[in-house]
There are 2 protein chains.
Amino acid sequence: MEKTLEVKGMTCGHCEKAVKGALEELNGIDSANVHLEQNTVDVSYDEAKVSEKEMKDAIEDQGYDVV
Amino acid sequence: MEKTLEVKGMTCGHCEKAVKGALEELNGIDSANVHLEQNTVDVSYDEAKVSEKEMKDAIEDQGYDVV
């Protein structure tokens, strides 16, 4: 499944890595691609293995807000 | 010796850590404190051991510009 999350507060390449890394560590995430300028993350995942809540929590644990 | 460097492009806590860490790894740096809002870094150092050029290079290696 593909979904685009809107994430606030990502400002630099380190932020990009932090969010991408936190998502891709989750079981069930195939890929996470951050678009800094758009404040979005495109996520490809197996909805049987990972929930949107888990993705949101992983991003928020890094200090960013999911809109 | 104390000096305030003006650094462009630091936007978040990760940037702060990257610049502070790169400076404090240099021999001769006592402390480096980043002020994100002011785009500055206060450095305390031993001018016999480390040059401004070395500090500037360390910051630029992290992807930031020293003004």
Legend entry - Some residue of region A:1-11 being closer than 23 Å to B:Q62 by Cβ, open to solvent by less than 40 Å² (accessible area, probe 1.4 Å) and within 12 Å of chain B (Cβ to nearest Cβ): yes
Inset, instruction - May I ask you to verify whether B:V34 is outside any helix (DSSP H, G or I) and under 27 Å from A:Y64 (Cα atoms)? - result: yes
Legend entry - Total residues in region B:18-64, condition open to solvent by 60 Å² or more (accessible area, probe 1.4 Å) and either of a type in the set (K, R) or more than 22 Å from A:H14 (Cβ to Cβ) (or both): 10
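Which ones in region A:12-33 are small (G, A, S) and within 11 Å of chain B (Cβ to nearest Cβ)? Break it down stepwise before answering.
Of all residues in region A:12-33, those small (G, A, S) come to A:13, A:18, A:21-22, A:28, A:31-32.
Scanning region A:12-33 gives A:G13, A:A18.
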Inset, instruction - Using the structure shown, decide if B:G13 is touching a residue at least 24 places away in the same chain (Cβ under 8 Å), among the small types (G, A, S) and closer than 16 Å to A:T11 by Cα. - result: no
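I need the full set of residues from region B:29-45 which are over 22 Å from A:Q62 (Cα atoms) and without any contact (Cβ under 8 Å) to a residue 24 or more places away in the chain, in order please.
Start the filter on region B:29-45 by keeping residues that are over 22 Å from A:Q62 (Cα atoms), which leaves B:29-33, B:38-45.
B:D30, B:S31, B:A32, B:N33, B:Q38 - these are the residues of region B:29-45 that are over 22 Å from A:Q62 (Cα atoms) and without any contact (Cβ under 8 Å) to a residue 24 or more places away in the chain.
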Legend entry - Unmet criterion (only one of (1) of a type outside the set (S, T, Y); (2) free of Cβ contacts under 8 Å to residues at least 40 places away in the same chain; (3) within 14 Å of another protein chain (Cβ to nearest Cβ)) for B:E54: (3)
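The values are calculated or read from the model by the stated rules, or taken from the named source; none is laboratory data. Quantities reported herein were computed from a predicted structural model and do not represent experimental measurements. Here the Cβ is made from the backbone with ideal geometry for all residues, glycine too, and neighbour counts use every protein chain on show. The protein model used for the area step is the full one, side chains on, heavy atoms only, and it has no ligands, DNA or RNA in it. Shrake-Rupley method; radii C 1.70, N 1.55, O 1.52, S 1.80 Å.
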